[in-house]
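Data block below; observations after.
The values are calculated or read from the model by the stated rules, or taken from the named source; none is laboratory data. Treat the numbers as computed from the prediction; the structure is a model and nothing was measured. Using ideal geometry, Cβ is built from the backbone for each residue, glycine included, and neighbour counts are taken over all protein chains shown.
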């Protein structure tokens with residue numbers, strides 16, 4: 001079964017391509033950095049509800065709120081109006097050895113809050129070991145390897161909305177390996193994952209506006 005992945009912006013990786021970054025490319029880049037809770041240096045504009053909202057380090061936390069708003073608008077536009085269970089793909093440091101929520105759980109909570117329909121954040125996935133961030137040149141993007149390194153925590157599942165579908169969220173995606181590993185892990189527990197919503201999708205050209213949604217279907221796999 002395939003996994004529909006909807007990314008709210010396009011995160012330009014132009015290393016070695018000789019491209020001149022547009023203002024909107026910087027905006028998407030800094031928004032994703034803010035979603036990762038990283039210092040963005042300077043400011044940018046993010047389109048939310050028809051307005052170009054200013055984002056800087058002074059209000060970096062707003063990036064997560066805007067993810068919730070934009071993600072909820074996307075799901076509603078695609079007729080997902082019923083309550084859903086929203087599962088964050090854990091960041092690389094969120095392992096079974098560390099207590100506390102994953103960083104990406106803030107995205108799940110923001111989306112649940114904006115949907116305001118009884119949807120809940122279920123922070124139930126953890127890595128067995130910290131392999132480092134794939135976006136920083138460490139770790140792995142291999143879906144089978146990632147699947148084997150992933151564990152489902154039992155206690156968060158006590159808060160699952162019964163008979164509701166599951167949505168995955170992450171700050172960004174490149175190959176989709178982390179999303180597919182997470183979706184398959186949940187599927188093997190009997191849950192139905194209907195979509196993944198990401199802040200950004202890595203792209204290597206400027207054929208489309210930076211804040212135009214990117215939608216794709218990733219082919220599932222059997223571990």
Within the range 120-136, is even one residue closer than 19 Å to residue 35 by Cβ and without any contact (Cβ under 8 Å) to a residue 24 or more places away in the chain? yes
Residue by residue through the range 206-216, note down the ones that are in contact (Cβ under 8 Å) with a residue 40 or more places away in the chain and more than 25 Å from residue 91 (Cα to Cα). 206, 208, 209
Picked from the range 170-205 (must be out of contact with any strand residue (DSSP E or B) (no Cβ under 7 Å at 6 or more places or on another chain) and touching a residue at least 24 places away in the same chain (Cβ under 8 Å)), the residue farthest from residue 21 (Cα to Cα) is 188
Just for the range 6-28: of the residues that are in a helix (DSSP H, G or I) and touching a strand residue (DSSP E or B) at 6+ places or on another chain (Cβ under 6 Å), which one is surrounded by the most Cβ atoms within 10 Å (Cβ to Cβ)? 28
Has the range 177-192 got any residue that is within 23 Å of residue 64 (Cα to Cα), part of a loop (DSSP other than H, G, I, E, B) and within 16 Å of the chain's Cα centre (by Cα)? no
Quick one: count up the residues across the range 213-223 that are at pLDDT 95 or above and either more than 16 Å from the chain's Cα centre (by Cα) or within 24 Å of residue 126 (Cβ to Cβ) (or both). 1
Is the range 152-173 home to any residue that is surrounded by 14 or more Cβ atoms within 10 Å (Cβ to Cβ), out of contact with any helix residue (DSSP H, G or I) (no Cβ under 7 Å at 6 or more places or on another chain) and under 19 Å from residue 14 (Cα atoms)? no
Residue check, residue 130 against (1) farther than 19 Å from residue 64 by Cβ; (2) modelled with pLDDT of 95 or more, all met but one. Which one? (2)
All but one of (1) at pLDDT 95 or above; (2) in contact with a strand residue (DSSP E or B) (Cβ under 8 Å, 6 or more places away or on another chain); (3) closer than 22 Å to residue 64 by Cβ; (4) not in a loop (DSSP other than H, G, I, E, B) hold for residue 151; state the number of the condition that does not hold. (3)
Flagged in the range 110-151 as loosely packed, with under 14 Cβ neighbours inside 10 Å and within 24 Å of residue 82 (Cα to Cα), in numbering order, are 116, 118
Residue within the range 35-55 that is within 18 Å of residue 212 (Cα to Cα), in contact with a helix residue (DSSP H, G or I) (Cβ under 9 Å, 6 or more places away or on another chain), in a strand (DSSP E or B) and in contact (Cβ under 8 Å) with a residue 60 or more places away in the chain present: yes
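To keep it simple, each residue is scored yes or no on (1) surrounded by fewer than 15 Cβ atoms within 10 Å (Cβ to Cβ); (2) on the phi > 0 side of the Ramachandran plot; (3) under 18 Å from the mean Cα position of the chain (by Cα).
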| residue | (1), (2), (3) |
| --- | --- |
| 45 | no, no, no |
| 48 | no, no, yes |
| 56 | yes, no, no |
| 66 | no, no, yes |
| 74 | no, no, yes |
| 78 | yes, no, yes |
| 85 | no, no, yes |
| 107 | no, no, yes |
Determine if the range 196-211 includes at least one residue that is under 19 Å from residue 2 (Cα atoms), modelled with pLDDT of 95 or more and not in a strand (DSSP E or B). no
